[in-house]
């Protein structure tokens, strides 16, 4: 039986597409033992695999630099690559410090027990740095998942991007989560030899069509006569909730029996305060409810209680919310960016609007509010597509088969 290391900063079942992907890799990989190395973990009561929680210690720059120097200089598997990696870590000091404790734990595990058959890095940086060091030091094949958020926010940071390029160059397999991310990858890495696309999936046993839960409306003092628009995302600027709130002002000029429910955690408090101020400024308090972070197991009830879902992101690598909503039989109105253009087929499974254009978004919302038959048609098409293409079981099975095939080719 093969043994796999999962390298992640955090490991939990949450609203995050990254975390959901990682959790489903762990639960759906077959015939493997897995050890998870992370700095933070919760909500993993369902796992049979050990989690090594590497609590961040207050390691200083010079302490970290000394450890990496000793590791990469005195015992290098490849001197040039090791020296370049050491230099890039030295000038990306926060990354070097933040990887130290997890790296120490993985190396200690290898020395005490045995090396894994391969490692999977949740993010290109910093997790991929650990996987590359394990490859240089112990010959452990490095697999790196690519979501996009670890790149898009650092496009202007040359020091960071040089480290990203090194990870891409020396990874054995790179797995972008959408065609859009595959194209985006080419800005930093042109080779196709070690790349294959593996899209995200949805747990169709959990996310499924359910009767409308009127108790949810009652819980938040919302009339059962109102149409419910649902937004599910982290409360961060990139998710475009300000655009949706502004759009509601235009929607309410024609439809007053409508209510927006916002589900989300991982709040950027400054941005959340901006949104609260915006709602007050536009006099929308009675039309918008903050539901906070909802347990992942309860999310299907919230999807099923909505009439449709809106994903107004400024940027989206894949858009897991879309296929979760679709699996619950709900269409999605999404911004025409990134992975949304793959998960939403315009006018077939949902509607696309021009990113950051609140008037266009309002018109798309009104289109569904005016036409129940269109909403139903989109719902049915979206549901059928998700069931046939996006089951986690099939997504992870494909990933595992492709990884095994490519690692066998490397051995030969």
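Kindly indicate the residue of the range 212-222 that is part of a loop (DSSP other than H, G, I, E, B) and touching a helix residue (DSSP H, G or I) at 6+ places or on another chain (Cβ under 7 Å) and also farthest from residue 292 (Cα to Cα) among those meeting that condition. Quick ask: steps written out before the conclusion?
Taking the range 212-222 as the starting set, the residues that turn out to be part of a loop (DSSP other than H, G, I, E, B) are 212-213, 220-222.
Cutting the leftovers down to touching a helix residue (DSSP H, G or I) at 6+ places or on another chain (Cβ under 7 Å) gives us 212-213.
On the way: 212: 20, 213: 18 Å.
Looking at residues that are part of a loop (DSSP other than H, G, I, E, B) and touching a helix residue (DSSP H, G or I) at 6+ places or on another chain (Cβ under 7 Å), I get 212.
How many residues does the range 242-279 hold that are farther than 24 Å from residue 225 by Cα and either outside any loop (DSSP other than H, G, I, E, B) or in contact with a helix residue (DSSP H, G or I) (Cβ under 9 Å, 6 or more places away or on another chain) (or both)?
Looking only at that region, the number is 14.
Taking the range 28-66 on its own, how many of its residues are surrounded by fewer than 21 Cβ atoms within 10 Å (Cβ to Cβ), within 27 Å of residue 402 (Cα to Cα) and modelled with pLDDT of 85 or more?
Total satisfying the criteria: 8.
Of 88, 100, 72, which residue is touching a helix residue (DSSP H, G or I) at 6+ places or on another chain (Cβ under 7 Å) and within 28 Å of residue 198 (Cβ to Cβ)?
88
Scan (1) under 25 Å from the mean Cα position of the chain (by Cα); (2) farther than 23 Å from residue 197 by Cα for the single condition residue 364 breaks and write down its number.
The number of the failed condition is (1).
Residue check, residue 326 against (1) farther than 15 Å from residue 231 by Cα; (2) touching a residue at least 60 places away in the same chain (Cβ under 8 Å), all met but one. Which one?
So residue 326 meets the others, but not (1).
For residues that are surrounded by 20 or more Cβ atoms within 10 Å (Cβ to Cβ) and touching a residue at least 60 places away in the same chain (Cβ under 8 Å), scanning just the range 247-275, find the one that is nearest to the chain's Cα centre (by Cα).
264
Confirm whether residue 223 is touching a residue at least 24 places away in the same chain (Cβ under 8 Å), closer than 20 Å to residue 305 by Cα, surrounded by fewer than 21 Cβ atoms within 10 Å (Cβ to Cβ) and in the same structural domain as residue 362 (by TED's automatic domain parsing).
So residue 223 passes the test.
On the given criteria, is residue 228 over 21 Å from the mean Cα position of the chain (by Cα), closer than 30 Å to residue 288 by Cβ and modelled with pLDDT of 90 or more?
Yes, satisfied.
Listed here are the residues, each with its yes/no results for (1) at pLDDT below 95; (2) surrounded by fewer than 16 Cβ atoms within 10 Å (Cβ to Cβ).
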| residue | (1), (2) |
| --- | --- |
| 335 | no, no |
| 349 | no, no |
| 359 | no, yes |
| 377 | no, yes |
| 390 | yes, no |
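The values are calculated or read from the model by the stated rules, or taken from the named source; none is laboratory data. This one's a predicted model, so the numbers in the text were calculated from it and none came from an experiment. When we count neighbours, we look across all protein chains shown, and the Cβ atoms used for this are built from the backbone with ideal geometry, even at glycine.
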